[in-house]
Amino acid sequence: MRHLYDARAASAPSVPPRTSREDPIDRVLIELVQPSDYVKWEYFSRQRLLATGIVGSRRALRMRVLDIGCGNGALSLTLSGGAGFDVVAMDVVEARVSLVRAKNASRKSAAATRLRIVRANAESLPFRDGCFDVVAATEVLEHLDQPARMLSEASRVLRPAGQFFMTTPNAQALPYRILRFLPDVAVSKLAASLTQQTLHPDLLHDHPAWGAASHPDRHRREGFTLRELEILGARAGLRMGVGYTYRIPLPDRVMQMTPKVLSRPLANLGTRPLPLGLQLYAEFTKT
């Protein structure tokens with residue numbers, strides 16, 4: 001197998017340097033995220049990366065999308081409001097489900113009716129076989145006790161030739177490689193001082209603020225490799241078509257010092273293929 005970064009980077013989607021005012025995806029996302037500094041622009045860029053990839057996969061006028069681990073609903077609200085897709089947003093945490101419901105209730109009726117929000121477990125999806133055109137899971141896999149089950153469930157609920165989009169931390173990211181040489185005590189101190197935990201903790205080992213080991217937001221592992229994702233997908237009946245590492249390999253609180261005028265360009269640049277980047281982006285097709 002050729003190295004995935006070298007073989008597929010040319011076909012990987014990327015965020016353009018500037019936003020068209022006519023772009024409904026950007027309009028909805030900017031309204032939801034209200035980006036100003038680097039951390040918010042990075043979050044915006046990641047959600048846009050997924051949204052544009054999913055929109056680019058459109059094969060029919062009406063598309064049904066499942067957003068596993070929807071979080072605060074940025075992707076689900078964008079796809080239903082900015083792209084006109086029928087979306088089911090799900091999360092295992094009731095507080096987030098309630099938050100997305102409240103956001104959706106405040107929208108115009110046409111967009112609101114295209115979004116359904118449910119509480120469910122990613123490892124046991126409460127949907128019938130073959131009922132979605134697209135499944136997405138943004139920063140979910142690393143939180144699961146049995147990540148292979150989520151991919152199997154995603155494959156099960158996808159229609160033939162349906163697509164699965166995902167992001168997850170890159171186990172081979174540059175900071176992880178460096179931190180493996182440090183003792184656990186030093187790593188924990190770095191995590192506490194450098195991690196922007198409210199959006200996406202990305203350092204080795206769980207931050208103690210996440211509480212009990214059973215909490216769904218705790219990282220069960222530090223990340224995955226592209227090869228691991230390809231194998232997990234193949235076992236679930238999913239063929240990886242695009243897979244690459246991305247995101248500038250520095251902690252959020254370091255990048256937070258970026259001047260605001262440079263925040264958006266750097267965040268946009270961070271969605272392009274980057275060796276040893278913090279995150280993995282992958283697209284699969286059901287075989």
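The values are calculated or read from the model by the stated rules, or taken from the named source; none is laboratory data. Not measured: the values here are computed from a predicted model. Ideal geometry is used to build each Cβ from the backbone, glycine not excepted, and the neighbour counts take in all protein chains shown. These area figures cover heavy atoms from the full protein model, side chains too; ligands, DNA and RNA do not enter into them. Shrake-Rupley method; radii C 1.70, N 1.55, O 1.52, S 1.80 Å.
Worth pointing out:
- Scanning segment 130-154 for residues that are under 21 Å from Thr225 (Cβ atoms), of a type outside the set (Val, Ile, Thr) and open to solvent by 10 Å² or more (accessible area, probe 1.4 Å) returns Glu139, His143, Leu144, Asp145, Gln146, Pro147, Ala148, Arg149, Ser152.
- Tally of residues being assigned to a helix (DSSP H, G or I) and touching a residue at least 60 places away in the same chain (Cβ under 8 Å) across segment 104-154: 9
- Single residue of Arg220, Arg239, Arg253, Arg235 found to be more than 15 Å from the chain's Cα centre (by Cα), among the charged types (D, E, K, R) and under 19 Å from Lys40 (Cβ atoms): Arg253
- Here is the figure for segment 69-103: residues that are part of a loop (DSSP other than H, G, I, E, B) and either surrounded by fewer than 24 Cβ atoms within 10 Å (Cβ to Cβ) or in contact (Cβ under 8 Å) with a residue 60 or more places away in the chain (or both) total 8.
- If the condition is being touching a Phe, Trp or Tyr at 6+ places or on another chain (Cβ under 6 Å) and open to solvent by less than 10 Å² (accessible area, probe 1.4 Å), then segment 55-68 contributes Met63, Val65, Leu66.
- Here Ser193 meets each of (1) of a type outside the set (D, E, K, R); (2) in a helix (DSSP H, G or I); (3) open to solvent by 50 Å² or more (accessible area, probe 1.4 Å); (4) at pLDDT 85 or above with one exception, condition (4).
- Checked across segment 35-53, the condition of being open to solvent by 10 Å² or more (accessible area, probe 1.4 Å), out of contact with any helix residue (DSSP H, G or I) (no Cβ under 7 Å at 6 or more places or on another chain), aliphatic (A, V, I, L, M) and over 18 Å from Val157 (Cβ atoms) holds for no residue.
- Within segment 74-103, being in contact with a strand residue (DSSP E or B) (Cβ under 6 Å, 6 or more places away or on another chain) and small (Gly, Ala, Ser) holds for Ser76, Ser80, Ala89.
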